[in-house]
Each structure stands twice: as C-alpha cells, then as structure tokens.
Amino acid sequence: MIALIDIDLGNIRSVAKALESIDTNFEIINNTHQLENKYIEGIIFPGTGSFNEASKRIYERGFAQSLKTLISNNTPFLGICLGMQLLFESGNEGGLSEGLGLIKGNVNNFKSTGHDIRIPHVGWNNVNIESFIDHIFFECIENNSDFYFVHSFFVSQSDKDCLYGFTHHGIDFPSVVIKENIFGVQFHPEKSQTNGIQILKNFKKICLKKE
C-alpha cells in the first residue's frame, strides 16, 4: 500500500485520481495512527501553499518523525511541489520554518534571485535530466520533457549526495531531486498528462521493488 499523505494543503483528490488511473493500491493518510500496523510500500506527499503552515502541521501532527522513520527504513518517498520543498532543512515563506532536514539546503523566493521574471512560475516548462536519464524514476521519459509547474519558491542544491534535474525560470533551479529512496519533484505529475502519469508509474514500480 502507498500512503498518500494529506495535511489539508492542496487538492489531494487530483493526485488520488491519478493513482487510481494506474491501478495503485493507496490510502489517504491524515493522521499518524493510520500508518500504524500497516505495510507501507511507499509514501507520496503532495502539497500546495505555505511552507510555514505545512511545517507547523507536519510537526504538530507528528508526521515529521513518522515520515523520517519510514524513510530511514528504506521506504520510497515522493514529495510533490511543497512536498519536495519540505524535504530540505528550512524555508523562508511566511517566516523561517523548519523542514524535514533530509536533504541539505533551503527554500527561497524567486524574488531573491533579482531576475525580472513572472512570479509565481506557472505553466509548462521542461526538465533537464541528462545527467541521470537512465534512472528508473525517469524510465520512458525523454530529456527536456515538459511538466506543469505552479510555485513561487525554489530549493537550493547544496547537498552533493543528490541527483538533480533542472528547469530554467530566470535561473536554473532544481526541479527534481533524488537521494537514495527519496524523490522530489517541483512540478505536479498529476497535472502533467502523459509524462506525469509515467512518473507516477515509475514511482509505483520503485515501491513494488522495495526489499
């Protein structure tokens, strides 16, 4: 079973419908008690909204420790949009807030780059995955394929133990991060049509192969 984490930020149903379309066994999880005594094959953590508010919810509701424990036990994890950003150490949206700290780096506003660009970054944009095109997470997806984005903040790339994919919006920012069993995408696969569904299929395959 794949645990679909719901902290009441974002439209969880759009991700659920995408998972249903590829016959995925999943359960929407909105409290840590639902994770007890279950065999979790993988975790998907989507989200939109404020990093600050999301940080409060994952720590107040006990999700931070539960997720860290599952990930440390080699459970595949996929963070989508805000779910990817929360993998990092901190974010400054709505004030400095603590992330999960599983990947070194922080989350900043595109305004901090000094570039004259549209904020938020909304719409289709391509992802450069040339450095790890053969990774199972991108199986059947070509380099520089387009995905759908909606965000005003981006993550840094200070963790040298990660693989990164990049997208250009004023700067080249990390739109994909992979570290062992941890996967993060800044785009929304559930809104990215064929390529996005393929990402979810690939993650499902990774979960089913978990030892």
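The values are calculated or read from the model by the stated rules, or taken from the named source; none is laboratory data. All values reported here derive from a predicted model rather than from experimental measurement. Quick reminder, even Gly has a Cβ in these numbers, built from the backbone with ideal geometry, and neighbours come from all protein chains shown.
Quick notes
A quick yes/no check of all residues on (1) of a type outside the set (A, V, I, L, M); (2) touching a helix residue (DSSP H, G or I) at 6+ places or on another chain (Cβ under 8 Å):
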site: ASN106; (1), (2): yes, no
site: SER112; (1), (2): yes, no
site: VAL127; (1), (2): no, no
site: SER131; (1), (2): yes, no
site: HIS135; (1), (2): yes, no
site: ILE141; (1), (2): no, yes
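- Here is the figure for the stretch 104-159: residues that are basic (Lys, Arg) and over 17 Å from the mean Cα position of the chain (by Cα) total 2.
- Members of the stretch 152-211 that are of a type in the set (A, V, I, L, M), in contact with a Cys (Cβ under 9 Å, 6 or more places away or on another chain) and in contact (Cβ under 8 Å) with a residue 60 or more places away in the chain: VAL177, ILE182, VAL185
- The stretch 67-110: number of residues that are part of a helix (DSSP H, G or I), buried (at least 22 other Cβ atoms within 10 Å of the Cβ) and touching a Leu at 6+ places or on another chain (Cβ under 9 Å): 3
- LEU9 meets the conditions (1) modelled with pLDDT of 95 or more; (2) among the aliphatic types (A, V, I, L, M); (3) outside any strand (DSSP E or B) in every case but one. The failed one is (1).
- Residue within the stretch 53-63 that is over 21 Å from ILE29 (Cα atoms) and surrounded by 15 or more Cβ atoms within 10 Å (Cβ to Cβ) present: no
- Those residues of the stretch 16-63 which are under 22 Å from VAL155 (Cα atoms), touching a helix residue (DSSP H, G or I) at 6+ places or on another chain (Cβ under 7 Å) and not in a loop (DSSP other than H, G, I, E, B), in sequence order: ILE43, ILE44, PHE45, PHE51, ALA54, ILE58, PHE63
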